[in-house]
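K.L.:
Shown below is the structure under consideration.
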Amino acid sequence: MSDEERQRQMDFIVEQQAQFAVNIELLRERMDAQSLSSEAQWRSIEAQARSIEEQRRSIEAQGRSIEERGRSIEAQTRSVEAQGLSIESLREAQARTDATVAQIARQQLHINEVVAVIAES
């Protein structure tokens, strides 16, 4: 092998090493960017989890409120019965209770959907 051929081989090897160094640096930069992105996604997930927890507490409070309303309606129903009011008044109270329960069911469904979306993330 001549000196010129050896020089070409050495030049090729040096070029390859330089290219490898550039590629490694690019990979490091990408990994750093992905790490930052992952951290941001984790913070977002944590924020969503806190939001879901707040919504859960709110729903529980609404549930307690509904229970209190239910007890209030029961007391009102007894009062209505004691006062001899018509059955129509009782039907209206039941319709309001049903509407409230339906509203809570819709809210619970929404929470379940939010939890499913987060679980898929």
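Every number in this text was worked out from the coordinates using simple rules, so none of it is lab data. Note that the structure is a prediction, hence the values are computed from the model and not measured. With ideal geometry, Cβ positions are generated from the backbone for all residues, glycine too; neighbour counts draw on all protein chains shown.
K.L.:
Does anyone have the angle between helix 3-83 and the longest principal axis of the chain? Alpha-carbon axes, 0 to 90°, nearest 10?
P.N.:
Its long axis makes an angle of about 0 degrees.
K.L.:
Find out how many positive minus negative residues lie around ILE52, taking Lys and Arg as positive, Asp and Glu as negative, among other residues whose Cβ is under 13 Å from that of ILE52.
P.N.:
-2
K.L.:
A further question on this structure: Taking a quarter of the surface of the convex hull around the Cα atoms of the chain, what do you get in nm²?
P.N.:
That works out to 10.8 nm².
K.L.:
Between LEU27, LEU90, LEU109, where does the largest GNM mean-square fluctuation fall for the chain, given springs only between Cα atoms within less than 10 Å?
P.N.:
The residue with the greatest mean-square fluctuation here is LEU27.
K.L.:
Let me ask something additional. How far apart, in nm, are two points set 7 Å out from the Cα along the Cα-to-Cβ line at GLN94 and at ILE59?
P.N.:
2.8 nm
K.L.:
While we're here: Note the angle between two axes, namely the Cα long axis of helix 87-120 and the longest principal axis of the Cα atoms of the chain, as a number of degrees from 0 to 90, rounded to the nearest 10.
P.N.:
With both axes taken from Cα atoms, the answer is about 10 degrees.
K.L.:
Just need the Rg to Rh number for region 1-46, please, alpha carbons only, Kirkwood Rh.
P.N.:
Numbers: Rg = 19.8 Å, Rh = 13.3 Å.
Expressed as Rg/Rh, it is 1.48.
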